[in-house]
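The next block holds one structure in the form of structure tokens; read it before the comments.
The values are calculated or read from the model by the stated rules, or taken from the named source; none is laboratory data. Predicted model, so just to flag it, every value in this text is computed and none were measured. Counting neighbours? That spans all protein chains shown, and the Cβs are built from the backbone with ideal geometry, glycine included. Please note that ligands, DNA and RNA were not included when accessible areas were found on the heavy atoms of the full protein model with its side chains. Shrake-Rupley method; radii C 1.70, N 1.55, O 1.52, S 1.80 Å.
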Amino acid sequence: MDDQQRRRPHTERSPDFAAVDPAMGADERQRAPSAERTVVPIAQVLARYLPAAGTALEVASGTGQHVVTFAANHPGITWLPSDPSPDARRSIAAWVRAGGHANVLPPRDLDLTHTGWQEAVPDGLVAILASNLLHISPWAATLGLLQGAAERLASEGHLFIYGCLRIHGRHLTESNAAFDASLRARDPRWGVRDLDDVTDAASAAGLALKEVVPMPADNRLLVLALAD
């Protein structure tokens, strides 16, 4: 889903976190190479924060490759994937069926730009995850994500946001700047967001930044929680 990552693959793998990869068959599973490259680094960070049990929401789940890997690595957590795209929801459901993941709920139709989207998900979530969302959606989706997280996270829950970001107004690399320009050319509502803008909006919603984790291909994983 991330064109930038397609140009700069990351093949490193950890022996402790294996991506789930059932044999592909004649079904509705879609495959995104970027999802395969990013799932293990993200899973390594999740393992430091996730509790043994609870319910976790993934927004903009895309193909479903991420959520089935997270479900396999954290069998005590009930995972709720979601995506506004019917094609994506069919792919998610197909991946879940193929892997036999009993701890993954049917994917929900959630659009973060719709006011009150969070009313359709449970309260007290131990985690909310968003991967490669901020830069390929309107800013309203980021604001909706932050507000919804503030309302639905458990007191010890965390919001994880993965993707390409500017840091204090500057792109980390020239390729990130080119990627940003290509996104804005496709849709002027899209674009690489600035960390300061995201954290300011998070603070206004009642969230605090706990950690910024460097990730492969000059991406970042933000870890946020309810402010004290």
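What does the extension gain come out to for D197 and R31, with contour length at 0.36 nm per residue minus their alpha carbon separation?
Working: separation 166, 0.36 × 166 = 59.76 nm, distance 3.17 nm.
Taking D197 through R31 to full extension adds about 56.6 nm, to one decimal.
Please compute the per residue accessible area over the chain with all protein chains in place, 1.4 Å probe, rounded to a whole number of Å².
Value for the chain: 43 Å² per residue.
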With θ set to phi - 60° and the Karplus curve 6.51 cos²θ - 1.76 cosθ + 1.60, what are the ³J(HN,Hα) couplings of the stretch 103-114 in order, to the nearest whole Hz, using x for Gly and Pro? 9, 10, 7, x, x, 9, 8, 10, 10, 5, 7, 8
For the chain, which whole-number percentage of the solvent-accessible area (1.4 Å probe, protein heavy atoms only) is attributable to carbon and sulfur atoms? 51 percent
Indicate the helices, whole DSSP H runs only, in the chain that combine a mean Kyte-Doolittle hydropathy of -0.5 or more with a Cα extent along their long axis of 24 angstrom or more. 33-49
10 Å beta-carbon shell around V104, net charge (K/R +1, D/E -1): 0
For the stretch 156-170, Karplus couplings with θ = phi - 60° (6.51, -1.76, 1.60), whole Hz, Gly/Pro x: 9, x, 9, 9, 10, 10, 10, x, 8, 9, 7, 10, 6, x, 10
Is the chain rounded, prolate or oblate when judged by the Cα gyration tensor, a ≥ b ≥ c being the square roots of its eigenvalues, rounded requiring a/c under 1.5 and prolate requiring a/b larger than b/c? rounded
Shape of the stretch 65-118, Cα gyration tensor, a/c cut at 1.5: oblate
For L125, what residues show an amide H to amide H distance below 5 Å, using hydrogens built from the backbone and excluding near sequence neighbours? L153, A154
Order of 177-189, 55-67 by packing, highest average Cβ count within 10 Å first? 55-67, 177-189
Let's see if you can work this out: charge +1 on each Lys and Arg Cβ, -1 on each Asp and Glu Cβ, no other charges. What is the dipole magnitude of the stretch 94-185 about its Cα centre, in debye to the nearest 20? 240 debye
How many nm is it between the label spots at E174 and H114, if each spot is 7 Å from the Cα in line with the beta carbon? 4.4 nm
Cα extents of the stretch 37-88 along the principal axes, largest first, in whole Å, come to 31, 24, 15
Cα centre as origin, Lys/Arg/Asp/Glu Cβ charges: the stretch 147-228 dipole, Debye: 260 debye
Förster radius 30 Å - calculated FRET efficiency between W139 and A53, Cβ distance, rounded to 0.05: 0.30
Using the crude model of +1 on Lys and Arg Cβ and -1 on Asp and Glu Cβ, and no other charge, please compute the dipole size for the chain relative to its Cα centre, in debye to 20. 480 debye
Peptide ranges 135-145, 204-214 listed from the most packed, as the mean C-beta count within 10 angstrom indicates: 135-145, 204-214
Selection from L221, A201, S91 lying farthest towards where the dipole of the chain points positive, charges on Cβ: S91
What is the gain in length, in nm to one decimal, between S85 and V213 on full extension, counting 0.36 nm per residue of separation less the C-alpha to C-alpha distance? 43.2 nm
